[in-house]
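The values are calculated or read from the model by the stated rules, or taken from the named source; none is laboratory data. Predicted model, so just to flag it, every value in this text is computed and none were measured. Neighbour counts are summed over all protein chains in view; Cβ atoms, including those assigned to glycine, are modelled from backbone coordinates with ideal geometry.
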Amino acid sequence: MKPKILLVFLMRFEEATRTLHGIVQHERSHRQWSTFLDDEARTERDPGFLRGEKWQGVISRHTTPALVKNCAQLGIPLVDLNDTPLFPGVPKIRPNNTAVGHLGAEHFLERGFRHFAFCGFANEGWSRERRDGFLEALRLAGHGCDVLEVDYPGVITPEWNAEQTTLIANWLTGLPKPVAILACVDVRAFQVITAAQHANLLVPEEIALLGVNDDVMRCELSYPSLSSIALNSHQSGYHAAELLDRMLRGEKPGDMDVRIDPLGVVARLSTDILAVGDKNVAAALSYIREHACEGVSVDEVVTHAAASRSQLEKKFRRFIGRSPQAEIRRVQLARIKELLSETDLPLKSIAGMTGFEHIEYLSVVFKRMTGESPGQFRKHTRANQP
């Protein structure tokens, strides 16, 4: 008979889907289970929900002391995926938050930043671990870091959001620019973006910002789109299923605390910048980022940057190592690649969306910069997608 397994996840979190995919992958390649998905995490609030069925095992992303107690009383093996302190006798699988902090620091250091900051939650252990990893990596590279932390209230209300906007805006105003900021989680990063806009600060030209969790839809909906560190939720799910399967066979792992390294940084517009202290160049980069795909000319960029063309050309070469025209093409190319790999739009539509009047010219530019045609790029990118 198939073991009856309860999965406790809140599906409004994108990472839940990725974690469940990992559980499914293990289950399909090993012993099959009869699973029930508690997609509203009712089990953490209603003890009767757990006692209403004869479960052989539980994997929970929302583990509470009550759930731990009830599983122990009923003799049900439990694997905890919640990023909180260990429950005695309950094996835990969670992100390697120190590695998350290190990864954030490396991402910014590669872009030449010299000023850094962290924005987090003082009362959350996972946030403090990410902070400590970030500070450690910066310290090893010879840099300090400003820190702003508040207690997370558990529920985000409009009133609390408004308070945070004012607090963070005042903090951002006093930081040296350009500054690279790691936020403890994407939700906190969105608050930083709102505060930056409130303080009339440019993201990423003055404030480069990186979140954590890579909640894809929210990151893409943000403006500018939010760069974020992707956690390996799929691997967490696979390991959880593997561990529970061993427990069902009689193994007693005890206070196991497995840390899963992050996948990497998913770079979007909020960190799509090199550290530039020149206001003319920063203004030009901001204008290019917003208008490159509208077919903007270098003369328009020069006008917006309030500098002569020769001055701007020299400053671009000095600070970012390429010309304004090359930067326009770089931004266009990134958008073309995105549309080729993520949509089925015909090349004519992509040309119109990226500032090219003629398909033929787009194809010539694309091949010159990448070594392959748009069609070849789309074909091999699709072939490598999971």
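When the range 113-144 is filtered for residues that are among the basic types (Lys, Arg) and either assigned to a helix (DSSP H, G or I) or surrounded by 24 or more Cβ atoms within 10 Å (Cβ to Cβ) (or both), the ones remaining, listed by number, are Arg128, Arg130, Arg131, Arg139. Considering only residues of the range 145-180 that are in contact (Cβ under 8 Å) with a residue 60 or more places away in the chain and part of a loop (DSSP other than H, G, I, E, B), which is surrounded by the fewest Cβ atoms within 10 Å (Cβ to Cβ)? Out of the qualifying residues, it is Pro176. Can you confirm whether Glu290 is farther than 30 Å from Glu220 by Cβ and of a type in the set (Asp, Glu)? Criteria not met by Glu290. Among the residues of the range 96-112, at least one is surrounded by fewer than 19 Cβ atoms within 10 Å (Cβ to Cβ), touching a residue at least 24 places away in the same chain (Cβ under 8 Å), within 13 Å of Arg259 (Cβ to Cβ) and of a type in the set (Val, Ile, Thr).
For the range 245-269, filtered to residues that are in contact with a helix residue (DSSP H, G or I) (Cβ under 9 Å, 6 or more places away or on another chain) and under 15 Å from Gly57 (Cα atoms), the residue that is surrounded by the fewest Cβ atoms within 10 Å (Cβ to Cβ) is Glu251. Contact annotation: residue pairs with Cβ atoms under 6 Å, 6 or more positions apart or on different chains, pairing a residue in the range 31-53 that is closer than 21 Å to Pro3 by Cβ with a partner that is of a type in the set (S, T, N, Q), are Phe49/Thr43; Leu50/Thr43; Leu50/Asn70.
Counted as qualifying within the range 281-386 are the helices (runs of 4 or more DSSP H) with 2 or more residues that are modelled with pLDDT of 90 or more, in contact with a helix residue (DSSP H, G or I) (Cβ under 8 Å, 6 or more places away or on another chain) and under 19 Å from Glu205 (Cβ atoms), namely 298-305, 309-319, 324-342. Taking residues in the range 1-24 that are over 21 Å from Arg45 (Cβ atoms), and partners anywhere that are assigned to a helix (DSSP H, G or I) and among the β-branched types (Val, Ile, Thr), the pairs with Cβ atoms closer than 7 Å and at least 6 places apart or on different chains are Glu14/Val216. Considering only residues that are assigned to a loop (DSSP other than H, G, I, E, B) and not hydrophobic (A, V, I, L, M, F, W, C), look in the range 88-112 and name the one that is nearest to Leu248 (Cα to Cα). Checking each candidate, the answer is Pro91.
The number of residues in the range 220-255 that are aliphatic (A, V, I, L, M) and out of contact with any Gly (no Cβ under 9 Å at 6 or more places or on another chain) comes to 3. Of all the residues in the range 7-41, those that are more than 28 Å from the chain's Cα centre (by Cα), closer than 19 Å to Gln235 by Cα and either outside the structural domain of Glu242 (by TED's automatic domain parsing) or of a type outside the set (S, T, N, Q) (or both) number 4.
Here are Thr19, Thr84: which of them is within 29 Å of Val187 (Cα to Cα), polar (S, T, N, Q) and assigned to a loop (DSSP other than H, G, I, E, B)?
Thr84
Residue by residue, here is whether (1) of a type outside the set (Gly, Ala, Ser); (2) farther than 16 Å from Leu269 by Cα holds:
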{"position": "Tyr152", "(1), (2)": "yes, yes"}
{"position": "Leu167", "(1), (2)": "yes, yes"}
{"position": "Leu172", "(1), (2)": "yes, yes"}
{"position": "Pro224", "(1), (2)": "yes, no"}
{"position": "Ser227", "(1), (2)": "no, no"}
{"position": "Asn232", "(1), (2)": "yes, yes"}
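Looking only at residues that are touching a Leu at 6+ places or on another chain (Cβ under 9 Å) and closer than 25 Å to Val298 by Cβ in the range 332-346, which one is surrounded by the fewest Cβ atoms within 10 Å (Cβ to Cβ)? Ranking the candidates gives Leu339 first.
Inside the range 187-235, residues that are among the acidic types (Asp, Glu) and buried (at least 24 other Cβ atoms within 10 Å of the Cβ) make up a count of 1.
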